[in-house]
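Asks: Starting off with a structure, shown below.
The values are calculated or read from the model by the stated rules, or taken from the named source; none is laboratory data. The structure displayed is predicted, hence computed values, not measured ones. Note that we place each Cβ from the backbone using ideal geometry, even for glycine, and neighbour counts take in every protein chain shown. Just the protein is used for accessible areas: all its heavy atoms, side chains included, with ligands, DNA and RNA removed. Shrake-Rupley method; radii C 1.70, N 1.55, O 1.52, S 1.80 Å.
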Amino acid sequence: CSSLISSQFSFIPTASTNPKAALKSKIVAEFRPQSLIDELLLYKRSEDQIELKEKQLSTMRVDVCSTETLKCLKGKA
């Protein structure tokens, strides 16, 4: 009975025989979460800056059709 089981399950794919598994193993081994965290923080700061500027503009009640007003705002930025 044991020879029957061992003959049926003798081939188990390993990373060396399965290129996809080898690639997945390499990706997991080389994954550096800190770089991802840093990029996400930079993105979040950028989004926060955009939101802040939008709030500032909305409270200023600027006429966006006025090129002169936009030039003044651009000079302040």
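Asks: Once label points are set 7 Å from the Cα along Cα→Cβ at both residue 47 and residue 22, what is their separation, rounded to one decimal in nm?
Replies: The modelled label-to-label distance comes out at 3.9 nm.
Asks: Another question, if that's okay. Using a 1.4 Å probe over the heavy atoms of the protein chains, calculate the carbon and sulfur portion of the accessible area of the range 34-74 as a whole percent.
Replies: Percent of accessible area from carbon and sulfur atoms in the range 34-74: 59.
Asks: Solvent-accessible area per residue for the range 34-74 at a 1.4 Å probe radius, Å²?
Replies: 95
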